[in-house]
Amino acid sequence: MPHIKLAEDLPGIRGAMAFRPETALPLNELVEVLLRGPSTLTPGERELIATYVSSQNDCFYCQTIHGAIAAHHLGGNEQLVLDTKRDYKTAAVSNKLKALLAIAGKVQKGGKNVLSDDIERARREGATDIEIHDTVLIAAAFCMYNRYVDGLATWAPTDPEFYRARGAKVAKEGYLQVSRELMSAKAGSAR
Amino acid sequence: MPHIQFPEGLPGIVGPFAFRPETAKPMRALAEILLRGPSTLSPGERELIATCVSTQNDCYFCQTSHGAAAAHHFGGNEQLVSDVKQNFETAAISNKLKALLAIAVKVQQSGKKVLPADIERARHEGASDIEIHDTVLIAAAFCMYNRYVDGLATWAPQDPALYRQMGAQMAEQGYIREEARPRAAGAAARNE
């Protein structure tokens, strides 16, 4: 049961976002820029970074929904998402993405863990400054989203079909649509 | 030295904000709502939560700048800030704020550490659902800001006078502002 009274029909971060639409808006704007904005990293690659960090933080809702969004971007390849979560070093992803995932994993533990060697390795594999920046910020941001979701003890569905359907929808419509849905839900119910 | 190239002379988070204004905008908006927006917690109390979490994350720039902002809100009471950082349970703050700080430092470790007993204690001291929500999100958000600042190895000034000045500006003018030399550095990096 959630620690505070959240809408019962909205799972994970959506219940918390509906409770406080004022903070939901910048939270959704940030994730939209990071995971779907113009970038030389594909949306699928960026969702894999988000999924990996969420799995390191042991956040079931975030790793499952972002894993489903990643799989949708990657042509339904759920196995690749699983492989990346389990051991990205041996997964079928590029060496550049492996180097970026290594940075993300260090950020998850604490920013100071990122060393010059990690950055050099990513550069050697072709990563640009902005790709390194975005990787650090995606990892940092999911350390926020994961704590938000679990710190309020939000409700997470267990049915994989739920995540597949929702993942496909978010992959298509994006994160700003999540805020729009919450705004219209709020307008339709006297809170 | 920072891991990537920022405009020189910009301290802490200001460097990456100037490098990437697209992400700076929602990050600034979030800090503004959480720390200075309408709330039954005072801006000083909320800055103390941010400072405490940044201290637990060992982020020098964030704990010092937000500590200075908190002190400014509390009439320049730097001792209070340092007491809260050292041991908030014995500091001269309300029991409600102590209960909220106990939640915040658990969120810093992991969201799952927050237990019903922590929430009950906060409620018992008079905390509302929205105060609990905002405490969790402030703590979570500073786990992001701190990692952003340290994960890119940004430059942190050492001069306490500079932080006092920064803290006063944060407290009085808030977090929403145009980036220093917008796009210049980001554009250069993009053309590499």
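What follows is calculated from the coordinates using simple rules that are stated; it is not laboratory data. Everything numeric in this text was worked out from a predicted model, so none of it was measured. Ideal geometry is used to build each Cβ from the backbone, glycine not excepted, and the neighbour counts take in all protein chains shown.
Numbers for the structure displayed
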quantity: Residues of segment A:137-182 satisfying the condition of being of a type in the set (S, T, N, Q) and not in a helix (DSSP H, G or I); calculated: A:THR154, A:THR158
quantity: Of residues in segment A:102-119 being touching a Cys at 6+ places or on another chain (Cβ under 9 Å) and crowded, with 19+ Cβ neighbours inside 10 Å, the one nearest to A:GLN63 (Cα to Cα); calculated: A:GLN108
quantity: Residue within segment B:4-25 that is among the acidic types (Asp, Glu), in contact with a Gly (Cβ under 6 Å, 6 or more places away or on another chain) and assigned to a helix (DSSP H, G or I) present; calculated: no
quantity: Which listed residue, of A:SER39, A:SER54, is within 14 Å of chain B (Cβ to nearest Cβ), polar (S, T, N, Q), buried (at least 18 other Cβ atoms within 10 Å of the Cβ) and touching a residue at least 60 places away in the same chain (Cβ under 8 Å); calculated: A:SER54
quantity: Identity of the residue in segment B:1-37, of a type in the set (Gly, Ala, Ser), under 26 Å from B:ILE132 (Cβ atoms) and in contact with an Asp or Glu (Cβ under 8 Å, 6 or more places away or on another chain), that ends up nearest to the other protein chains (Cβ to nearest Cβ); calculated: B:ALA29
quantity: Conditions (1) over 12 Å from the mean Cα position of the chain (by Cα); (2) without any contact (Cβ under 8 Å) to a residue 60 or more places away in the chain; number of the one not met by B:ALA24; calculated: (2)
quantity: Among the residues listed as A:ALA139, A:ALA104, A:ALA71, A:ALA91, the single one being closer than 30 Å to B:SER54 by Cβ, touching a helix residue (DSSP H, G or I) at 6+ places or on another chain (Cβ under 6 Å) and more than 8 Å from chain B (Cβ to nearest Cβ); calculated: A:ALA104
quantity: Residues of segment B:119-154 classified as surrounded by 18 or more Cβ atoms within 10 Å (Cβ to Cβ), among the acidic types (Asp, Glu) and more than 7 Å from chain A (Cβ to nearest Cβ), total; calculated: 2
